[in-house]
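The values are calculated or read from the model by the stated rules, or taken from the named source; none is laboratory data. As the structure is a prediction and not an experimental result, all values here were calculated from the model. Cβ placement follows ideal geometry from the backbone for every residue including glycine, while neighbour counts extend to all protein chains displayed.
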Amino acid sequence: MPGLREGLFFDDVMLLPRRSEVTASDVSLESRLSINVVLRSPFITSARQPAADYRLASTVARAGGIGFIPLSGAVEDQAHEVRKVKELMCKEDGAACDPKGRPVVGALVDLEREDILEYIGSLAEVWTDIIIVDVPHADRTTILRQIQAVKAEFDWLPLMVGNVQTRAGAKDVIDAGADIVVVGSGFSSFAEATELSGVGVPELSALMEVEDVASLYGRPIVCNMGVRSAASVVKALAAGASAVVLNTLMPDTASQVMAKVAAQVRESLSYVGARSIAELREKAEFIRIRPPYPV
């Protein structure tokens, strides 16, 4: 008989409040993804969403997060989008900027391209801050070999790799060269993933499993599953995520949405008595609010 383990969703738990001297205005949501990428708000865009372009990426960076430019056929087109983001200067308080004062931005790549090294080289030339690999299941031999090849050529360029959901998957992609690990199902929601494949780990348990390994290597993790509200964001950060993917951002409203969510997250951290994401992880204590099976 196959082994049976327990898994928890965000909705299965709450965070216990603590005596607090912290107000929402005291809370910093700053989070580091790499040496040169420090987010002022722990939010990133999905490079798979149709609205992802230079307008969304620049708006998100000015609001403190990072946006990812999707695949667009020719590398020249994608590089042009990255370049347009970098042509702007960070003037807003709370913007996420590179060391030269330009908005941070990432780009999605397809590792199965035959010319992948040349492709990434073109993105590096326009100062792309992070390269992201986004596949449903990154713990595959072919993907791991391609990660190794990319890092052998571009060891200085941060590589964000997803999706994984287990300790073993996290170790495999980190050993291959991943600098940032994305925890996710590879689909628009966990429910869709399980319906299609019957395989997966509920979001809270997946984050905790991956964080167990990633923290040993000093690698940040990103949550790309189950984030439907500010409460989900807080629980993801408490479980170890350095950032979360907001899948529904639009260019014209991204800054307002991010500001609203950030305000709610700061308020929640104040209930736990945490002034930062790091302090939240130290103080967070989950309590189960649902039984593990129907009664």
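Taken together, the residues in region 95-105 that are part of a loop (DSSP other than H, G, I, E, B) and buried (at least 16 other Cβ atoms within 10 Å of the Cβ) amount to 5.
Need at least 1 residues that are over 17 Å from L123 (Cα atoms) and within 17 Å of the chain's Cα centre (by Cα) per element, so show me which strands (runs of 3 or more DSSP E) inside region 1-88 make the cut, counting only ones lying wholly within it.
Numbers: elements: 13-15, 43-45, 67-69.
Filter on region 1-88 gives 43-45.
For region 27-55, a residue qualifies if it is touching a helix residue (DSSP H, G or I) at 6+ places or on another chain (Cβ under 7 Å) and charged (D, E, K, R), and exactly one does: D53.
If you go through region 251-272 and keep only what is outside any helix (DSSP H, G or I) and surrounded by 16 or more Cβ atoms within 10 Å (Cβ to Cβ), you end up with just P251.
Among all residue pairs at least 6 apart or on different chains, which show Cβ distances below 7 Å where the first residue, located in region 101-129, is within 20 Å of G162 (Cα to Cα) and the second is loosely packed, with under 15 Cβ neighbours inside 10 Å and of a type in the set (V, I, T)? Listed by first residue and then by second, the contacts come to nothing, as the list is empty.
One line per residue, one yes/no per condition, for (1) surrounded by fewer than 23 Cβ atoms within 10 Å (Cβ to Cβ); (2) of a type outside the set (K, R); (3) touching a Gly at 6+ places or on another chain (Cβ under 7 Å); (4) under 24 Å from S270 (Cβ atoms):
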| site | (1), (2), (3), (4) |
| --- | --- |
| S205 | yes, yes, yes, no |
| A214 | no, yes, no, no |
| G218 | yes, yes, no, no |
| M225 | no, yes, yes, no |
| A230 | yes, yes, no, yes |
| A236 | no, yes, no, yes |
| A239 | no, yes, no, yes |
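The single condition from (1) at pLDDT below 95; (2) farther than 25 Å from V183 by Cβ that E118 fails is (1). Can you find a residue that is modelled with pLDDT under 95 and of a type in the set (A, V, I, L, M, F, W, C) anywhere in region 57-73? Yes - at least one qualifying residue is present in region 57-73. Meeting the requirement of 3 or more residues that are over 20 Å from V82 (Cα atoms), the helices (runs of 4 or more DSSP H) wholly within region 106-223 are 141-153, 167-176, 190-197, 203-217. Here region 78-94 is the region considered, the condition is being in contact with a helix residue (DSSP H, G or I) (Cβ under 6 Å, 6 or more places away or on another chain) and at pLDDT below 95, and the residue that is surrounded by the most Cβ atoms within 10 Å (Cβ to Cβ) is L88.
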